[in-house]
Amino acid sequence: MKNINLKSLDKTGIEGFIRSLDLPRYRAHQLILRLYRHGAADMDELTEFSLGLRATIRDRAFISNLRLDDRVRSSDGTEKFLFGLEDDAAIEAVLIPEGGRRTLCVSSQVGCAMACRFCRTGALGLRRNLKAYEIVDQVIAVNRMIFPERVTNVVLMGMGEPLANCDEVIDALWRMVDFIGISKRRITVSTAGIVPGIAALSERAPEVNLAISLNATTDEVRNRIMPVNKRYPLRMLLGACRKFPLSRGRRITIEYVMMDGVNDFPEDARRLVTLLAGIRCKVNLIPLNPFPGCDFRRPPSERVLAFQAILMRHKVRTLIRESRGQDILAACGQLAAAREGGGS
Ligand code: SAH
């Protein structure tokens, strides 16, 4: 056993590593806390371990860290972090402070295979899945940078489709909960609609919040703007939502990116009411965030308000979400860190 990345190990892996050094079990817990809660970037920060022990660990293992390549702050307080990975791929994470909350929007893949037509990451294609540790490391790295503050909420709404990388995402979710100490109820997984992944999420990471990027009310329009709909059409997707177990007081978030003349008609609002019947949910209306080369426009605000009014009249909880960080291309759908051609 040489050159093990300590962050590539899950709980059983860390316990095995500690055993291989003939150390008592409680050392595994100490190591996990140092790595995940205190964000140890280097063996020298394993302060519960003697210098001799640190040297022994260093002989066999290392601690990987995301490389911070850029950090940009928006006029509204949102911050975007550009991280470089071991293979020089790049991902972005966005920190959104709001009252006492510090919400971190993390990436689950380098690029994305979903090819949603209105999304800047979608134009990149998929380069690769992130490993569990690369997903959690975004939280660890940001916690370190904003110390003594901490990330309080995590949304998997950055680059990539989390449910197309289910195993690593679920491993990462558990590390956020068990190792970093973030409550499941403060974590949200957002999907373009990978139906089998929705059931897997509810079984393997119960009580994590679910958000669905719906964005259309007919298969015809949804097929056009979100190719994933051809495989998992609206009926299947909403069927999976109906089956998704929700504990008391919880709701599924339905995200609806509004595009001028595409999905912003009063008929869409009325169809949405029907589609969502029987689903405990809340709707977030997100006026499109344009980016260089985007084919669509955001609707005039009267149309967004009229759309919301129809939903509210039918007792559908609806918020208009102006995404933050638009001036630094950090808003929903604007992330694109791939160096080749991303242009960010
Ligand atoms: N793949 C996942 C998570 C990443 S996208 C998903 O589809 O949910 C996160 C959210 O940003 C989605 O709700 C998506 O619909 C929205 N989004 C994508 N492009 C956007 C844009 N240009 N403007 C506003 N929202 C956008």
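Any read-out appearing in this document is the output of simple, stated calculations on the displayed coordinates, not a laboratory observation. Bear in mind that the values here come from a model prediction, so they are computed numbers and not experimental data. Here Cβ is always computed from backbone atoms with ideal geometry, including for glycine, and neighbour counts include all displayed protein chains.
Side notes on the structure shown:
- Point-charge dipole on Cβ atoms (K/R +1, D/E -1) for the stretch 67-328, about Cα centre, debye to 20: 1120
- Largest GNM mean-square fluctuation across Tyr133, Tyr26, Tyr232, computed for the chain with C-alpha springs under 10 Å, falls on Tyr26.
- Translational diffusion of the chain was estimated from the Stokes-Einstein equation, with Rh taken as the Kirkwood radius over Cα pairs; at 25 °C and 0.890 mPa s the coefficient is 117 µm²/s.
- Using alpha-carbon coordinates, inclination of helix 301-313 to the longest axis of the chain, degrees: 90
- Shape metrics for the stretch 11-62, restricted to C-alpha atoms - Rg then Dmax, Å: 10.0, 25
- Shape parameters for the stretch 153-308, alpha-carbon atoms, Rg then Dmax in Å: 15.9, 47
- Using alpha-carbon coordinates, inclination of helix 51-60 to the longest axis of the chain, degrees: 60
- Over every Cα atom in the stretch 1-130, the radius of gyration and the widest Cα-Cα span, Dmax, amount to 18.3, 55 Å.
- Between 0 and 90°, nearest 10: helix 266-275 axis offset from the chain longest Cα axis: 60
- Contact order, relative form, for the stretch 97-231: 26 percent (alpha carbon pairs under 8 Å, 6 or more residues apart, mean separation divided by residue count).
- Calculation over all alpha carbon pairs of the stretch 190-271 in 10 angstrom steps from 0 returns a P(r) of 17, 49, 27, 6 percent.
- Counting only cysteine Cβ atoms and a cutoff under 4.7 Å, the chain contains unmatched residues Cys105, Cys112, Cys166, Cys241, Cys281, Cys294, Cys332.
- At most 16 other Cβ within 10 Å, DSSP loop - GluC sites (Glu not before Pro), the stretch 253-344: Glu322, Glu340
- Within the straight-line cut-off of under 27 Å between alpha carbons, the lysines reachable from Lys243 are Lys184, Lys230, Lys282, Lys315, sequence neighbours fewer than 8 places apart in one chain being disregarded.
- Relative contact order for the stretch 51-143: 18 percent, from Cα pairs under 8 Å spaced at least 6 residues apart, divided by residue count.
- Taking a ≥ b ≥ c as the square roots of the eigenvalues of the Cα gyration tensor, the stretch 82-127 is classed as oblate, since a/c reaches at least 1.5 and a/b does not exceed b/c.
- Annotation note: trypsin sites (Lys or Arg not before Pro) in the stretch 251-344 located in DSSP loop regions with a Cβ neighbour count of at most 10 within 10 Å are Lys315.
- Using equal-weight Cα scatterers in the Debye expression, the normalised intensity of the stretch 130-240 in log10 at q = 0.14, 0.15, 0.20, 0.24 Å⁻¹ is -0.59, -0.66, -1.01, -1.31.
- Positive-pole candidate from Leu305, Val273, Met145, dipole of the chain, charges at beta carbon: Val273
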